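Visitor: I am attaching a structure below and will ask some questions about it afterwards.
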Amino acid sequence: MFIRLLCVLFFSVGITYIAYQGYYNYKDKKDNREIQNIVGNTESINQNSNKSDKIIELETLHKENSDIIGWIEIENTNINYPVLQTNNNDFYLTHNYKKEYSPSGSLFLDKNFDLDKPSSNYLIYGHRNKNGLMFEDLINYKDKNYYTEHPIINFTTLKEDSEYEIISVFLSRVYYKNETNVFRYYFFVDAENEQEYNNYVSNCLKSSLYDIGKNAEYGEQLLTLSTCEYSQEDGRLVVVAKKIE
C-alpha cells in the first residue's frame, strides 16, 4: 500500500511538473510573439519628428511601463527585446516586460546605471532559454565564425539609436568574496579615471576566447552583455562592445 501511494505521489508530482513546464514554455513563446510585434506596429508615429521610429515606439512602451528604458537587437538572431531597469537586479529575473511572472524573465540594465548621466559601460543581464529566446543566442559567440557574421549590436534608448561593435567575448563566473586577483567584470559601471577604464578593457581583451583585433579608448562608451554559461559553476558568457561614433 505504501509503495502504491508513493508511486501515485511521484506520478502526480511528475504530471504537475510537466504541466508547469508546458504552460511556461507556451507563455514564453506567446510573450516573444508579442514582443516581436511591438516594434513597427505602434498605432501612431509622428512623421514630423526628428526622432527615429524606434525611439518613438520606445516612448510609447515607456508610457505603458516606465521600467522599459531601451531596446536591444542583434540582426539575424533571436535577440530583439526591450531592456528594463528597476531599483534591484532581482525583479526582472522572473518577470516579463509587462511585470507578469515569467521564469525566463527579461533583459535588464544593472540597477546601478543612470542613463541620464554619462557612463563608461552599460551592463545588461539576461537568462538563456532552451526555446532559443532571451540571451540564448549569445552562447553562439563562443564560435568566432558566429561573431564574424554578427559583429554589431543595436541599442536604442529614449535619447538615441546606437550601434556597438563587439571587441571581446569571454567566459567568466561569479567569484566568491574571498577570491582575490580575479576579474569581476560585473562591478564595472563607470570608470573613475583613465587607468580604471583601460584596466577593464585590457582584462576583457586578455580574457577573450579569440582575437577580434579591436580595442577601446578611454571615453568610448562600452556595452556589456552577460548571460549564464554552464561549463563551470556560476559560469557566465560575456560579450563586450564599444559604441560606433
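Visitor: Where nothing but the Cβ of Lys and Arg (+1) and of Asp and Glu (-1) is charged, how large is the charge dipole of the stretch 53-243 around its Cα centre, in debye to the nearest 20?
Guide: Computed about the Cα centre, the dipole is about 500 debye.
Visitor: Which order do the peptides 181-191, 116-126 come out in when sorted by mean C-beta neighbours inside 10 angstrom, highest first?
Guide: Packing proxy ranking, top to bottom: 116-126, 181-191.
Visitor: Placing +1 on the Cβ of each Lys and Arg and -1 on the Cβ of each Asp and Glu in the stretch 100-245, which of Asn140, Phe113, Thr224 has its Cα farthest towards the positive end of the resulting dipole?
Guide: Asn140
Visitor: Just want the answer: with Cβ charges of +1 for Lys and Arg and -1 for Asp and Glu, which residue in Tyr125, Ile212, Ile72 is farthest toward the dipole's positive end in the stretch 53-243?
Guide: Selected residue: Tyr125.
Visitor: Over what distance in Å are the Cα centres of the stretch 112-137 and the stretch 161-220 separated?
Guide: With the stretch 112-137 and the stretch 161-220 each reduced to a Cα centre, they are spaced 15 Å.
Visitor: Taking H as built 1.01 Å from N, whose amide H comes closer than 5 Å to the amide H of His95, not counting residues under 5 places away?
Guide: Ser102, Gly105, Ser106
Visitor: Mind running the shape call on the stretch 53-243? Use the C-alpha gyration tensor, a ≥ b ≥ c as the square roots of the eigenvalues: rounded below 1.5 for a/c, prolate if a/b tops b/c, oblate otherwise. Don't jump to the answer; show the numbers that get you there.
Guide: Values: a/c = 1.36, a/b = 1.27, b/c = 1.07.
Rounded shape, in that the Cα axes give a/c under 1.5.
Visitor: Sticking with this one: Each residue of the stretch 138-147 in turn: what ³J(HN,Hα) in whole Hz from Karplus with 6.51, -1.76, 1.60 and θ = phi - 60°, glycine and Pro shown as x?
Guide: Going residue by residue, I get 4, 5, 5, 5, 4, 8, 4, 4, 5, 4 Hz, with x marking Gly and Pro.
Visitor: Which shape class, rounded, prolate or oblate, goes with the stretch 138-203 when its Cα gyration tensor gives a ≥ b ≥ c as root eigenvalues, a/c under 1.5 marks rounded, and past that a/b bigger than b/c marks prolate?
Guide: In terms of gyration-tensor shape, oblate.
Readers should treat all values here as calculations from the given coordinates under stated rules, not as data from a laboratory. Please read these numbers as outputs of a predicted model, since none were measured by experiment. Note that each Cβ is placed from the backbone with ideal geometry, even for glycine, and that neighbours are counted across all protein chains shown.
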